[in-house]
Every structure is written in structure tokens, then in C-alpha cells.
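**Q** Right, I'll just put the structure down here and ask away after.
Since every read-out is calculated from the coordinates, none of them should be taken as a lab result. Predicted model only: the values in this text are computed from it and were never measured. Neighbour counts are summed over all protein chains in view; Cβ atoms, including those assigned to glycine, are modelled from backbone coordinates with ideal geometry.
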Amino acid sequence: MRKALILCLTAVIFVCLLVAGYGQSVSTTSQVPTIKVGYTFVDHHASLMVAAKKGEAFQSSGTYLKPVIDKEKYELYDGGKKVANIELVVTKSGSESATLFAQKHIDLSLLSITAGMSAIDSGTPIKILSPLQTEGLALVFPKDSTVNGWEGFIKYLDTKQEPVKIGYHSPTSAPLMVFEGALKQNKVPYTRNPNELNAKILLVDLKDTPNLIPALTSKQVDGWVGPSPHPQVAEKTGVGKIALDLRDLPPQGAWHDAPCCAIAGRTEFLAQNQDAVVKFLKLMAYAGDYANKNHDEYGDIVAQWIGIPADAAKASTIVFLTDPTDTWVKNLGVYQDLMNSMNKYKGALKDKPLAEVKDVLFDFSYIQKALGK
């Protein structure tokens, strides 16, 4: 009897261990990566907002998000299968994204392309994976200003005895890079030193996009350069006016389709989660294309997400794209040359043309797979 009882208990223990082992195996194989995605409250990053808000309505595309906590946590699905958990991390700017990358607090980020380039130059282990959008940059002055266009801006500068204060939200932002590049190319003297009174322009770091409009109303600055939707919000709320779309800076046509924001990823994370990253990029491509084709709906989504007037969001001139076309890469070469000429680099990118550092900056293999190329 005792022997039979021992045999029975042994069998029960064996079955329990077998079931436990089986359960552990299932749990292990069903695990998916968690992708922490950085983004900023600007409509340049609306592809992510559109993908999140449309959610399972994108199911017919094959890749979509299932909400867990609105604006915070989602599940990424592809072909009916869960491939990743998504956690959204709000950042103030591309430079903050670079810091979070270095600290391993985010895995992917939507950020200014120039912020990504600066981060790579300083040794942050990331790669630029794809473009995100172009256009959507402007120079804004108070609503009663008579400044209009580049010529009007230059005439305005000539009437002033002291440097005109122009604000910006981040030292590595695309609006600043384009504006500063145009100033340099057109030989307009500028400075960041408030004691340098011979300059025509004093550039002022306003630290964050939410500070742009208050800096105008408080007269901390005479004007600022910034990304949409802030110029449109300034106009629609009666605070400011768009004096110049930065695409129209001279020389004529040089700043059309200028690279602005991109998607970047931490190299360690990329190597370990290739399939999930490809699926995420696939979704960003689809959402961006959807936004391009459904402008008013995308404007409503942006307005609700970041809390701005819908007419301001719908006034945006952004074009979304994720395919690194020859034109986009060529224009990025202009950025690279400008950033070198302005002594923005101190590390791996210093004094090097884009052709020499493409492998340092980019890994387009993920977006090519996502686009089926």
C-alpha cells in the first residue's frame, strides 16, 4: 500500500512538473518585446497619433495598434498576431530624445533629423531608420507686425539699432538649422551672445515648444522659428502671424522638401528586435500615407491629441513620408555640409561629407523591409 502511494505521489509530482514546464515554455514563447517610443507634441509626429487613434480601424492594412491605455500603452499586431507592446514617451525635443536614448530610457523615437545627427556625432549609439515628414517650419512675428517674406524681414532688420531677438525651441531643431543655414548662406550676421551688439540677430534658446507663444506675448523675443502646429496656433489664436515659411528662404528652392523629422532607433535594441521594428515602421508608413490622403481627419486627430484648435491643425503644410528617396538624402547632404560649416560637430561627423558617414548615420534596411523593397 505504501509503495503504491509513493508511486502515485511520484506520478502526480511528475505530471505537475511537466505541466509547469509546458506552461513556462508557452509563456516564454509568447513573450513579445516592449518598444518604448519617444515623440513630441507636434504635428510632425502625427503619424504616431493617427496610428494610435485609428487603432483597430487599420486592421485591414495588416498592421495596427490595439489600445491598452489611451495615449500611453498599446499592443502592436501584424497579420492577426501580437508582435510587440508599445509604450509612448513624451519628449520636449529631439535633444531630449537623444539624452533618453543615451540613458536607454527609449528604444525608438520620432525626432528632428538634425538632433539625431548631433546625437550620433556625440557617440550616442543610434541609427536613423527612415524619414518621417518634410515641410511645416515657419518664422513667426507678433500679429500686428508688418514683416512679410524674406525681403521684408531683411528690411526690418535694417531698421533696428540692436539685434533682433529670434527664439527657437531646441539647439538641434530643424527650424533652427534651416534658419541658421539661410542666415549663413546669405551673410546675415547673427549671434547667441547678448553682448555682441554688432549682429543683426540674437538667437534665443526658449528651451521647449510650449514656450514659443508665451515668449511672443511677453515680448521676450521679437519673433521665433518653430515647427507646426505652433505657427498656425499663433495665427488662429490671434497672437502672431507667419511672416515666412522657411521653405521660401533663399536661395530660392534650396529649402523645398527639406528633411525635418525622422525615426531613429537604439542600435542594441534594433539588433535584438528586428522583426518588431520592421512592423512598427510598416505601421508608421501606412499611417503617414493615410494622413496625407485624409488631411481634415488627421487635423482633427492632432487637435484632440495635443489640445489645439482644429483649424490650426488643418492649416498644416506637412507632407509625411518614410521612403528615404534620393532627393531626401541629397537634401540631407546639404544639412551635413551646413552643420559642418557652422561647427556643430565635434565627433564622428566632423568635417566629413555625407557620403563618408552614411553607414554611421543610417540603417535603411528596416524601412526597406517594411515597404517591401
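**Q** Taking R0 as 30 Å, what's the FRET efficiency between LYS143 and LYS293 from their Cβ-Cβ distance, rounded to 0.05?
**A** 0.35
**Q** Let me ask something else. Beta carbons within 10 angstrom, averaged per residue: use that to sort the peptides 144-152, 268-276, 190-198, highest first.
**A** 268-276, 144-152, 190-198
**Q** A further question follows. Please give the peptides 247-256, 213-222 ranked by average Cβ packing (other Cβ atoms within 10 Å per residue), highest first, as a rough proxy for protection.
**A** 213-222, 247-256
**Q** Additional query: Based on DSSP H runs of at least 4 residues, each adding -39500 (n - 2.57), what is the mean residue ellipticity at 222 nm of the chain after dividing by all its residues, to the nearest 500 deg cm²/dmol?
**A** Value at 222 nm, helices only, nearest 500: -13500 deg cm²/dmol.
**Q** Select from VAL239, ALA98, PRO210 the residue farthest towards the positive end of the dipole of the chain; place +1 on Cβ of Lys and Arg, -1 on Cβ of Asp and Glu, and compute about the Cα centre.
**A** My answer, from the dipole projection, is ALA98.
**Q** At a temperature of 20 °C and a viscosity of 1.002 mPa s, determine how fast the stretch 258-309 diffuses translationally according to Stokes-Einstein, using the Kirkwood radius over alpha-carbon pairs as Rh; express D in µm²/s, rounded to the nearest whole number.
**A** Value of D from the Cα-based Kirkwood radius: 163 µm²/s.
**Q** Which residue, ALA291, ALA84, LEU176, has the largest displacement toward the positive end of the dipole of the chain when charges sit on each Cβ (Lys, Arg +1; Asp, Glu -1)?
**A** My answer, from the dipole projection, is ALA84.
**Q** Would you mind classifying the stretch 264-373 by shape? Square roots of the alpha carbon gyration tensor eigenvalues, ordered a ≥ b ≥ c; an a/c under 1.5 is rounded, otherwise it is prolate if a/b is larger than b/c and oblate if not. It would help to have the intermediate numbers written out before the result.
**A** Working: a/c = 2.21, a/b = 1.42, b/c = 1.55.
Oblate is the answer for the stretch 264-373, as a/c is 1.5 or above yet b/c matches or exceeds a/b.
**Q** When the dipole is taken about the Cα centre of the chain, and only Lys, Arg (+1) and Asp, Glu (-1) are charged at their Cβ, what size is it in debye, to the nearest 20?
**A** Charge dipole, the chain, about its Cα centre: 980 debye, nearest 20.
**Q** Considering only SER47, GLY265, PHE153, whose Cα is most displaced toward the positive end of the charge dipole of the chain, charges sitting on Cβ of Lys, Arg (+1) and Asp, Glu (-1)?
**A** GLY265
**Q** Further question: What ranking do SER341, SER109, SER122 get, fewest neighbouring Cβ atoms within 10 angstrom at the top?
**A** Ranking SER341, SER109, SER122 by Cβ neighbours within 10 Å, fewest first, gives SER341, SER122, SER109.
**Q** Taking a ≥ b ≥ c as the square roots of the Cα gyration tensor eigenvalues, with a/c under 1.5 meaning rounded and otherwise prolate when a/b beats b/c, else oblate, which class fits the stretch 137-248?
**A** Note, shape of the stretch 137-248 comes out rounded.
**Q** Looking at the chain, do any whole DSSP H helices span at least 27 angstrom along their long axis by alpha carbon and average -0.5 or above on Kyte-Doolittle, and which?
**A** On the way: long enough: 2-30 (42 Å, 1.36); 274-293 (29 Å, -0.04).
Qualifying helices: 2-30, 274-293.
**Q** Next question, about the same structure. Nothing charged except the Cβ atoms of Lys and Arg (+1) and of Asp and Glu (-1): what's the magnitude of the dipole of the stretch 137-248 about its Cα centre? Round to the nearest 20 debye.
**A** Values: 13 positive and 12 negative charges, 7 e Å.
In total the dipole reaches around 40 debye.
**Q** If I model a spin label as a point 7 Å beyond the Cα along the Cα-Cβ vector, how far apart are those points for THR317 and HIS105 in nm?
**A** Rounded to a tenth, the inter-label distance reads 3.5 nm.
**Q** A follow-up question, please. So for the chain: antiparallel DSSP bridges make up what percent, rounded to the nearest 5? Present the calculation step by step, with values, prior to reporting the outcome.
**A** Details: 35 of 53 bridges.
Here the share of antiparallel DSSP bridges comes out near 65 percent.
**Q** Can you tell me the alpha carbon radius of gyration of the chain divided by the globular rule-of-thumb value 2.2 N^0.38 Å?
**A** Its radius of gyration relative to the 2.2 N^0.38 Å reference: 1.18.
**Q** Still on this model: For every other residue with a beta carbon closer than 13 angstrom to the beta carbon of LEU332, add +1 if it is Lys or Arg and -1 if Asp or Glu, then tell me the sum.
**A** Working: positive: LYS330, LYS358; negative: ASP257, ASP326, ASP337.
Residues close to LEU332 contribute a combined charge of -1.
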